[in-house]
Amino acid sequence: MKQTLLITAAIAALALAGCKDETISGYADRKVVWKLLEIDRKPFDADATIAFPKHSQIVGQAPCNSYTSEQKAPYPWFEIGPIAATRKACDAMDEESRFFTALTQMREIEAQGDMLIMSNEAGRQMVFLAQR
């Protein structure tokens, strides 16, 4: 019995070691920062970015504050965890609120070349361009 448990644990450890990152960070270039171009097919005039530097991690710069979160769903699904952001005020707080609200409502994500598109079942959409 003890030997069976050790073998099972060893097999599980090997399987986990070989697992591919199934979140967006496993499919998009981890070194790329994506700049927001539009929300709901309308230009986004403030500066906002998003990046996926390592497994399940999300980092970026909203119009006023830097932020971090985690991606909880396998690609092509998107589920952002709680957002932790700095607390700096600026003239673009309305845009920042719009950005964070839209980001938390996205449910799918697709990386195609230099474009990153997020969407949801209600027809909302965010379009990002890779900054190289």
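The values are calculated or read from the model by the stated rules, or taken from the named source; none is laboratory data. Fair warning: this is a prediction, and the values are worked out from it, not measured in the lab. Virtual Cβ from ideal backbone geometry, glycine too; neighbours counted across all protein chains shown.
Please specify each residue of the stretch 121-132 satisfying the condition of being surrounded by 15 or more Cβ atoms within 10 Å (Cβ to Cβ) and outside any strand (DSSP E or B).
Arg124
Restricting attention to the stretch 76-110, and to residues there that are over 18 Å from Ile39 (Cβ atoms) and part of a strand (DSSP E or B), which single residue is modelled with the lowest pLDDT?
In this case the residue turns out to be Trp77.
Which residue pairs have Cβ atoms under 9 Å apart, sit 6 or more places apart or on different chains, and have a first residue in the stretch 34-54 that is without any contact (Cβ under 8 Å) to a residue 40 or more places away in the chain and among the basic types (Lys, Arg) and a second that is part of a loop (DSSP other than H, G, I, E, B) and surrounded by 14 or more Cβ atoms within 10 Å (Cβ to Cβ)?
Lys54/Asp21; Lys54/Arg30
Can you give me the number of residues within the stretch 38-59 that are under 17 Å from the mean Cα position of the chain (by Cα) and assigned to a strand (DSSP E or B)?
Matching residues across the stretch 38-59 total 8.
Restricting the search to the stretch 60-75, which residues are in a loop (DSSP other than H, G, I, E, B) and either of a type in the set (D, E, K, R) or under 22 Å from Ala46 (Cα atoms) (or both)?
Ala62, Pro63, Cys64, Asn65, Lys72
Let me spell it out: the conditions are (1) surrounded by fewer than 16 Cβ atoms within 10 Å (Cβ to Cβ); (2) within 15 Å of Ile50 (Cα to Cα), and Lys88 meets all of them except one. Which number is the exception?
Tallying (1) surrounded by fewer than 16 Cβ atoms within 10 Å (Cβ to Cβ); (2) within 15 Å of Ile50 (Cα to Cα), Lys88 fails exactly one: (2).
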